[in-house]
Amino acid sequence: MYQNGKGVKQDYTTAAKCYLKAAEHGHADAQYNLGMMYQNGLGVPPDYAKTVKWYLRAAERGHAYAQYNLGLIYSSGLQDYAEAARWFLKSAEQGIADAQFNLV
């Protein structure tokens, strides 16, 4: 609600705090959203290591978009193409078309 300003004033800092609480309890969507916030510097300072950390936690829980984003990170930033392909495949198997495209 805070991230999108639905029913409350938009507040990325509060949204990040809420996501962190849920992420620490293993909620995959919160882990993914927290990764996005660190990647984009929304409510928290941009932090590459924390971006990867939270995407990885969500991806390990089967979050398809976290898997896709890890594929992007490994293919471009970290340049580990085998690891990128591994995450793209996991995401592609869940029907994410962009991941399927990146495997071609």
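The values are calculated or read from the model by the stated rules, or taken from the named source; none is laboratory data. Owing to the predicted nature of the structure, the values given are computational and were not obtained by experimental measurement. Cβ coordinates were reconstructed from backbone atoms using ideal geometry, including for glycine residues, and neighbour counts include every protein chain displayed.
One line per residue, one yes/no per condition, for (1) within 16 Å of residue 91 (Cα to Cα); (2) out of contact with any Phe, Trp or Tyr (no Cβ under 6 Å at 6 or more places or on another chain); (3) part of a helix (DSSP H, G or I):
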{"residue": "6", "(1), (2), (3)": "no, yes, no"}
{"residue": "23", "(1), (2), (3)": "no, yes, yes"}
{"residue": "42", "(1), (2), (3)": "no, no, no"}
{"residue": "49", "(1), (2), (3)": "no, yes, yes"}
{"residue": "71", "(1), (2), (3)": "yes, no, yes"}
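Looking at residue 68, is it outside the structural domain of residue 101 (by TED's automatic domain parsing) and modelled with pLDDT of 95 or more?
Working: outside the structural domain of residue 101 (by TED's automatic domain parsing): no; modelled with pLDDT of 95 or more: yes.
No: the conditions fail for residue 68.
One line per residue, one yes/no per condition, for (1) assigned by TED's automatic domain parsing to the domain that holds residue 3; (2) over 21 Å from residue 27 (Cα atoms); (3) modelled with pLDDT of 95 or more; (4) touching a Lys or Arg at 6+ places or on another chain (Cβ under 8 Å):
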site: 38; (1), (2), (3), (4): yes, no, yes, yes
site: 72; (1), (2), (3), (4): no, yes, yes, no
site: 76; (1), (2), (3), (4): no, yes, no, no
site: 89; (1), (2), (3), (4): no, yes, yes, no
site: 92; (1), (2), (3), (4): no, yes, yes, no
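Of all residues in region 93-104, those that are on the phi > 0 side of the Ramachandran plot have Cβ atoms under 9 Å from Cβ atoms of residues that are assigned to a helix (DSSP H, G or I), 6 or more apart or on another chain, in 95/64. Note on region 17-72: among residues that are under 22 Å from residue 2 (Cα atoms) and hydroxyl-bearing (Ser, Thr, Tyr), the one that is surrounded by the most Cβ atoms within 10 Å (Cβ to Cβ) is 55. Scanning region 73-92 for residues that are surrounded by fewer than 17 Cβ atoms within 10 Å (Cβ to Cβ) and in contact (Cβ under 8 Å) with a residue 24 or more places away in the chain returns a single hit, 77.
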